[in-house]
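Colleague: Below: one structure in structure tokens.
The values are calculated or read from the model by the stated rules, or taken from the named source; none is laboratory data. Not measured: the values here are computed from a predicted model. Every residue, glycine as well, gets a Cβ built from its backbone with ideal geometry; the counts of neighbours run over all protein chains shown. These accessible areas exclude ligands, DNA and RNA; they are computed on the full protein's heavy atoms, side chains included. Shrake-Rupley method; radii C 1.70, N 1.55, O 1.52, S 1.80 Å.
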Amino acid sequence: MVYEQITFDVRERVATITLHRPDKLNAYSVRMMEEMIDAFDRVDRDDGIGAVIVTGSGARAFCAGADLEMGAKIFDATGNPDSPVRADGTIDYASEKARDFGGRLTLRMFECLKPVIGAVNGAAVGIGATMLLPMDIRLCTPAARFGFVFVRRGIVPEGGSAWFLPRIVGIATALDWCMSGRLVDAAEAQAAGLVSEIIEEGELLARAHARARSYIEGSAPVSVALTRQMMWRGLGMAHPMEAHRVESRGVLARGRSADAREGVAAFIEKRAACFPEQVSRDMPDYFPWWDEPVYR
């Protein structure tokens, strides 16, 4: 795919996806969604990439929300075969075309096999805020603002935020932010756990890159991929026995791996490990351990 609304760069095994519509404050569009999903597909396919950073271009905004033009045209094709709105005005809620555009992206991020870091360089509003939620950590500048403003637009939160946000900041804070729709500053976001660090603007990407490198250097890529999925999917487990089952499979499968042999040898020999196994070809036979739900 030729990218028109994002840029994609790889340096030292770290991919940086930059939302690139600075004239529109990096507003989210269908095209941007498609490009970002494609970029995450590239990240997972490429064993030369160990982690990914998502940031915005310009100094004013990470993402100011959905492009208003996109919002106005979602249901324009009422009655057409591709529209979930039938000619009589009823809605086919089970249609793939009824899925919200934010949720399609956040679910793809959730499925990613590499660490994902958000570098929030300014305002993050609407989908600009909800797309941050499936990222593993979020760093921001002091000028960053976060707005779950959906009720102020007469709609409801999207992007899977009803699942993600309470797990990150707690139910009371999630409800406060979403029912008021108010803007949350960087300090409040950090205190609630949405943001890990507040970094000066000129140092944001360097700090994000350093974080990404810390997840790559000295860590086995297959083990990182499994750990990311174990932790995120564990948030939906009903009992610790479910985690025990998955972890036991991981210990057994990975304990017999070339990576485990290398990790132990490197520790004993007091040298840096060079893990031979790759995400693209060496995920264990019990992966995935879940049945992926479908939209309906």
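Colleague: Quick check on packing: order 36-47, 119-130 by the mean number of other C-beta atoms within 10 Å, highest mean leading.
Modeller: Values: 36-47: 17.3, 119-130: 27.7.
Those peptides, ordered most packed to least, come out 119-130, 36-47.
Colleague: Next question. Using only C-alpha positions, report the orientation-averaged shadow area of the convex hull of the chain, nm², one decimal. All intermediate terms of the calculation are to be shown ahead of the outcome.
Modeller: Numbers: hull surface 68.4 nm².
The orientation-averaged projected area of the Cα hull of the chain comes to 17.1 nm².
Colleague: Of all alpha-carbon pairs in the range 104-187, indicate the percentage at a distance above 16 angstrom.
Modeller: Details: 1742 of 3486 pairs.
Across the range 104-187, Cα pairs with separations above 16 Å total 50 percent.
Colleague: How big is the range 129-268 by Rg and Dmax over its Cα atoms, in Å?
Modeller: Expressed in Å, the Cα Rg and Dmax of the range 129-268 come to 18.7, 61.
Colleague: Using each residue's phi in the range 285-296, evaluate 6.51 cos²θ - 1.76 cosθ + 1.60 at θ = phi - 60° and report the 3J(HN,Hα) Karplus result to the nearest Hz, with x for Gly and Pro.
Modeller: 5, 7, 8, x, 9, 10, 9, 5, x, 10, 6, 7
Colleague: Largest first, how would K114, K24, K97 line up by accessible area (1.4 Å probe)?
Modeller: Working: K114 10, K24 90, K97 120 Å².
Descending accessible area places them as K97, K24, K114.
Colleague: Follow-up question, since we're still on this one. Just to check I understand the Karplus step: with θ = phi - 60° and J = 6.51 cos²θ - 1.76 cosθ + 1.60, what whole-Hz values come out for the range 86-100, glycine and proline as x?
Modeller: Taking θ as phi minus 60°, the curve returns 6, 4, 8, x, 6, 10, 8, 5, 7, 5, 4, 6, 8, 5, 6 Hz for the range 86-100.
Colleague: To the nearest 0.05, what FRET efficiency results for E262 and A87 with a Förster distance of 41 Å applied to their C-beta separation? Show your work: numbers first, answer last.
Modeller: Working: r = 62 Å, r/R0 = 1.51.
My answer for the efficiency is 0.10.
Colleague: Ignoring everything but the protein chains, give the 1.4 Å probe accessible area of Y3 in square angstrom, nearest 10.
Modeller: 50 Å²
Colleague: Given +1 on the Cβ of Lys and Arg, -1 on the Cβ of Asp and Glu, and no further charges, what dipole in debye does the chain carry about its Cα centre, rounded to the nearest 20?
Modeller: On the way: 35 positive and 40 negative charges, 88 e Å.
Its charge dipole is roughly 420 debye.
Colleague: Taking the Cα centre of the range 172-296 as origin and charging only Cβ (+1 Lys, Arg; -1 Asp, Glu), how large is the dipole, in debye to the nearest 20?
Modeller: On the way: 15 positive and 18 negative charges, 101 e Å.
Dipole about the Cα centre, nearest 20: 480 debye.
Colleague: Now for a different question. Please give the contour-minus-distance gain from R245 to A94: 0.36 nm per residue of separation, less the Cα-Cα distance, rounded to one decimal in nm.
Modeller: Values: separation 151, 0.36 × 151 = 54.36 nm, distance 3.29 nm.
Full extension from R245 to A94 adds 51.1 nm.
Colleague: Let me ask another. For T227, T18, write out the residues from largest to smallest accessible area, computed with a 1.4 angstrom probe and no ligands counted.
Modeller: Details: T227 65, T18 25 Å².
Result, largest first: T227, T18.
Colleague: Arrange the residues M241, M283, M231 by how much accessible surface each exposes, largest first, with a 1.4 angstrom probe. Mind dumping the intermediate values first?
Modeller: Values: M241 90, M283 40, M231 135 Å².
So the residues, ranked largest to smallest area, are M231, M241, M283.
Colleague: Starting from the eigenvalues of the Cα gyration tensor, five times each then square-rooted, give me the equivalent ellipsoid semi-axes of the range 1-160, largest first, whole Å. It would help to have the intermediate numbers written out before the result.
Modeller: Numbers: eigenvalues 153, 69, 37 Å².
Ellipsoid half-lengths, sorted descending, are 28, 19, 14 Å.
Colleague: Then there is this: Given the -39500 (n - 2.57) contribution per DSSP H run of 4+ residues, what per-residue ellipticity at 222 nm results for the chain, rounded to the nearest 500 deg cm²/dmol?
Modeller: Values: 11 runs with 116 residues, N = 296.
It lands at -11500 deg cm²/dmol.
Colleague: Follow-up. Between T141 and residues 5 or more places away or on another chain, which pairs have amide H atoms under 5 Å apart, with H built 1.01 Å from N, and which residues are they?
Modeller: V120, G122, I199
Colleague: Let me know the Kirkwood hydrodynamic radius for the range 236-296, please, with Cα pairs as the basis and the value in Å to one decimal.
Modeller: 13.9 Å
Colleague: What figure, in Å² to the nearest 10, do you get for the accessible area of V151 with a 1.4 Å probe and non-protein molecules left out?
Modeller: 70 Å²
Colleague: Another one. Taking 0.36 nm per intervening residue step and subtracting the Cα-Cα distance, what contour gain separates V2 from W163 on full extension?
Modeller: 54.7 nm
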